[in-house]
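Reading through the structure tokens given below for one structure.
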């Protein structure tokens with residue numbers, strides 16, 4: 001298992017520089033800058049796995065239902081459907097449903113794109129990162145029918161499993177989830 | 001009895017169509033369609049234009065997809081190596097440009113100029129071709145071999161096994177496939193999978 005931890009400090013520094021270089025209302029800016037500094041001081045650590053490390057997220061022996069979404073910040077349809085996964089997480093987390101968002105962003109985008117995205121959208125679902133470039137070796141293990149296009153989503157319980165190589169609306173996602181709950 | 005037969009037929013049709021909708025597109029061994037698509041230089045390009053080719057490396061690719069960008073230099077290298085040996089690259093941009101303006105013809109022309117593409121970079125205007133091939137993402141490769149019966153699909157999938165780092169590549173799937181075809185051997189891996197940007201339609 002490979003786990004890297006990336007720190008948020010560089011980004012907060014960049015944000016601060018950008019904000020300080022703004023020349024609008026000085027008072028307002030300093031408040032915003034202070035707020036942002038406070039916010040970005042909260043460390044955001046990414047958990048990065050190779051496929052072996054991700055495997056425990058892909059099966060269960062418990063009574064929970066797992067929704068695993070494969071996405072990346074550069075993938076427009078993934079970003080569009082992200083709020084629906086977040087909504088499912090909020091609505092069903094007390095009913096034994098766990099949402100995991102598996103980012104496929106490139107390592108060089110972790111600081112510049114992925115971490116800011118997670119913070120900006122205040123994602124409440126668990127975000128993990130899969131970095132395993134030999135995707136031919138693991139795509140069929142996630143599902144034999146997956147061509148490799150994202151977004152893609154896996155829903156499973158200990159008895160059932162379904163895979164979707166498609167974007168969802170909230171209603172579609174909830175309808176699929178309910179098949180596992182009822 | 002007739003009613004039963006009838007409903008069984010309906011069930012059979014429904015089941016079959018459910019199956020076919022899953023397995024759209026070409027399988028290895030199928031004959032690939034030719035096309036006439038607009039190139040970045042304004043000309044129309046068809047596979048049949050290449051009278052002396054032995055086959056083709058057809059790549060569905062795009063301007064803005066990070067995976068496609070990652071492979072630009074490797075696609076150029078493939079064309080440098082295999083166009084002289086009879087397997088030229090034919091790149092096709094399959095996305096709906098209304099949904100992805102970064103893949104417009106103008107943007108494609110800029111990309112082709114900037115990267116000095118030595119192969120045609122075609123637009124799948126009307127998005128009629130990529131569904132026939134069964135391309136789902138960019139980049140998505142189809143290696144074709146010219147036969148008397150037509151252009152036969154010999155390999156479907158990824159270019160190699162590392163989109164991030166060319167120097168860490170262990171297996172060059174497309175090169176291996178073309179080399180096998182050139183030397184009359186059977187291709188070891190005829191289908192591979194890779195993460196890619198879903199085609200916007």
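Collect the residues in segment A:59-79 that are away from chain B (no Cβ under 13 Å) and surrounded by fewer than 18 Cβ atoms within 10 Å (Cβ to Cβ), keeping them in residue-number order.
To start, the set of residues in segment A:59-79 that are away from chain B (no Cβ under 13 Å) comprises A:59-69.
Scanning segment A:59-79 gives A:59, A:60, A:61, A:62, A:63, A:64.
Hey, can you tell me all the residues within segment A:70-89 that are in contact with a helix residue (DSSP H, G or I) (Cβ under 9 Å, 6 or more places away or on another chain) and farther than 15 Å from residue A:105 by Cβ?
A:81, A:83, A:84, A:85, A:87, A:88
Are any residues in segment B:163-194 farther than 19 Å from residue B:83 by Cα and buried (at least 19 other Cβ atoms within 10 Å of the Cβ), and if so, which ones?
Those that are farther than 19 Å from residue B:83 by Cα and buried (at least 19 other Cβ atoms within 10 Å of the Cβ): B:163, B:192, B:193, B:194.
Taking the condition of being surrounded by 18 or more Cβ atoms within 10 Å (Cβ to Cβ) and within 12 Å of chain B (Cβ to nearest Cβ), how many residues in segment A:80-89 meet it?
Result for segment A:80-89: 1.
Can you go through B:109, B:125, B:152, B:132 and tell me which one is part of a loop (DSSP other than H, G, I, E, B) and either surrounded by fewer than 23 Cβ atoms within 10 Å (Cβ to Cβ) or within 10 Å of chain A (Cβ to nearest Cβ) (or both)? Steps first, please.
Values: B:109 fails: part of a loop (DSSP other than H, G, I, E, B); B:152 fails: part of a loop (DSSP other than H, G, I, E, B); B:132 fails: part of a loop (DSSP other than H, G, I, E, B).
Going through B:109, B:125, B:152, B:132 in turn, the sole match is B:125.
I'm trying to understand the selection: among the residues of segment B:135-149, which are away from chain A (no Cβ under 14 Å) and either assigned to a loop (DSSP other than H, G, I, E, B) or out of contact with any helix residue (DSSP H, G or I) (no Cβ under 7 Å at 6 or more places or on another chain) (or both)?
Initial filter on segment B:135-149 (away from chain A (no Cβ under 14 Å)): B:143-149.
B:144, B:146, B:147, B:148, B:149, listed by residue number.
Just need a number here: residues in segment B:165-189 that are within 14 Å of chain A (Cβ to nearest Cβ) and either out of contact with any helix residue (DSSP H, G or I) (no Cβ under 7 Å at 6 or more places or on another chain) or part of a strand (DSSP E or B) (or both).
Within segment B:165-189, the subset within 14 Å of chain A (Cβ to nearest Cβ) is B:165-174, B:176-177, B:188-189.
Right, trim to either out of contact with any helix residue (DSSP H, G or I) (no Cβ under 7 Å at 6 or more places or on another chain) or part of a strand (DSSP E or B) (or both) and you get B:165, B:167-173, B:176-177.
Here the count works out to 10.
Determine whether segment A:55-72 contains at least one residue that is assigned to a helix (DSSP H, G or I) and either modelled with pLDDT under 95 or not assigned by TED's automatic domain parsing to the domain that holds residue A:177 (or both). Outline the logic, then answer.
Our first condition is that a residue be assigned to a helix (DSSP H, G or I); within segment A:55-72, this holds for A:55-58.
Imposing the further condition that a residue be either modelled with pLDDT under 95 or not assigned by TED's automatic domain parsing to the domain that holds residue A:177 (or both) reduces the set to none.
Checked against the condition, which is being assigned to a helix (DSSP H, G or I) and either modelled with pLDDT under 95 or not assigned by TED's automatic domain parsing to the domain that holds residue A:177 (or both), segment A:55-72 yields no hits at all.
Which one of A:36, A:46 is closer than 28 Å to residue B:62 by Cβ, at pLDDT below 95 and more than 14 Å from every other protein chain (Cβ to nearest Cβ)? Before you say what the answer is, go through the steps one by one.
Working: A:36 fails: closer than 28 Å to residue B:62 by Cβ.
Exactly one residue qualifies, and that residue is A:46.
Output yes when any residue across segment B:113-122 is in contact (Cβ under 8 Å) with a residue 12 or more places away in the chain, assigned to a loop (DSSP other than H, G, I, E, B), closer than 17 Å to residue B:65 by Cβ and away from chain A (no Cβ under 14 Å), and no when none is.
yes
Please find, within segment A:108-133, the residue that is farthest from the other protein chains (Cβ to nearest Cβ) out of those that are assigned to a helix (DSSP H, G or I) and touching a strand residue (DSSP E or B) at 6+ places or on another chain (Cβ under 8 Å).
A:118
Does segment B:94-104 contain at least one residue that is under 21 Å from residue B:157 (Cα atoms) and surrounded by 14 or more Cβ atoms within 10 Å (Cβ to Cβ)?
Our first condition is that a residue be under 21 Å from residue B:157 (Cα atoms); within segment B:94-104, this holds for B:94-95.
Checking which are surrounded by 14 or more Cβ atoms within 10 Å (Cβ to Cβ) leaves us with B:94-95.
Within segment B:94-104, one or more residues are under 21 Å from residue B:157 (Cα atoms) and surrounded by 14 or more Cβ atoms within 10 Å (Cβ to Cβ).
Determine whether segment A:92-103 contains at least one residue that is over 14 Å from the mean Cα position of the chain (by Cα), surrounded by fewer than 16 Cβ atoms within 10 Å (Cβ to Cβ) and part of a loop (DSSP other than H, G, I, E, B). I'd like the intermediate steps shown before the answer.
Step one: list which residues in segment A:92-103 are over 14 Å from the mean Cα position of the chain (by Cα), which gives A:92-97.
Narrowing the set further to residues that are surrounded by fewer than 16 Cβ atoms within 10 Å (Cβ to Cβ) leaves A:93-96.
With part of a loop (DSSP other than H, G, I, E, B) added as a condition, the list becomes A:96.
Yes, segment A:92-103 contains at least one residue that is over 14 Å from the mean Cα position of the chain (by Cα), surrounded by fewer than 16 Cβ atoms within 10 Å (Cβ to Cβ) and part of a loop (DSSP other than H, G, I, E, B).
Could you name every one of the strands (runs of 3 or more DSSP E) located completely within segment B:27-96 that has at least 1 residues being within 14 Å of chain A (Cβ to nearest Cβ)?
Values: elements: B:37-39, B:55-60, B:89-93.
The qualifying strands (runs of 3 or more DSSP E) are B:55-60.
For residue B:192, are the conditions met, namely being within 12 Å of chain A (Cβ to nearest Cβ), in contact with a strand residue (DSSP E or B) (Cβ under 7 Å, 6 or more places away or on another chain) and closer than 26 Å to residue B:40 by Cα? Please lay out each step first, then the result.
Numbers: within 12 Å of chain A (Cβ to nearest Cβ): yes; in contact with a strand residue (DSSP E or B) (Cβ under 7 Å, 6 or more places away or on another chain): yes; closer than 26 Å to residue B:40 by Cα: no.
No.
Which count do you get for residues in segment A:144-181 that are within 12 Å of another protein chain (Cβ to nearest Cβ), in contact with a strand residue (DSSP E or B) (Cβ under 6 Å, 6 or more places away or on another chain) and more than 24 Å from residue B:62 (Cβ to Cβ)?
1
Looking for something closer than 18 Å to residue A:165 by Cβ, assigned by TED's automatic domain parsing to the domain that holds residue A:149 and not in a helix (DSSP H, G or I) - is there at least one such residue anywhere in segment A:75-90?
Residues of segment A:75-90 that are closer than 18 Å to residue A:165 by Cβ, as a first pass: A:75-82, A:84-85.
From the residues that got through so far, the ones that are assigned by TED's automatic domain parsing to the domain that holds residue A:149 too are A:75-82, A:84-85.
Within this subset, residues satisfying the condition of being not in a helix (DSSP H, G or I) are A:75.
Checked segment A:75-90: at least one residue is closer than 18 Å to residue A:165 by Cβ, assigned by TED's automatic domain parsing to the domain that holds residue A:149 and not in a helix (DSSP H, G or I).
The values are calculated or read from the model by the stated rules, or taken from the named source; none is laboratory data. Small disclaimer: the values here were computed from a predicted structure and weren't measured. With ideal geometry, Cβ positions are generated from the backbone for all residues, glycine too; neighbour counts draw on all protein chains shown.
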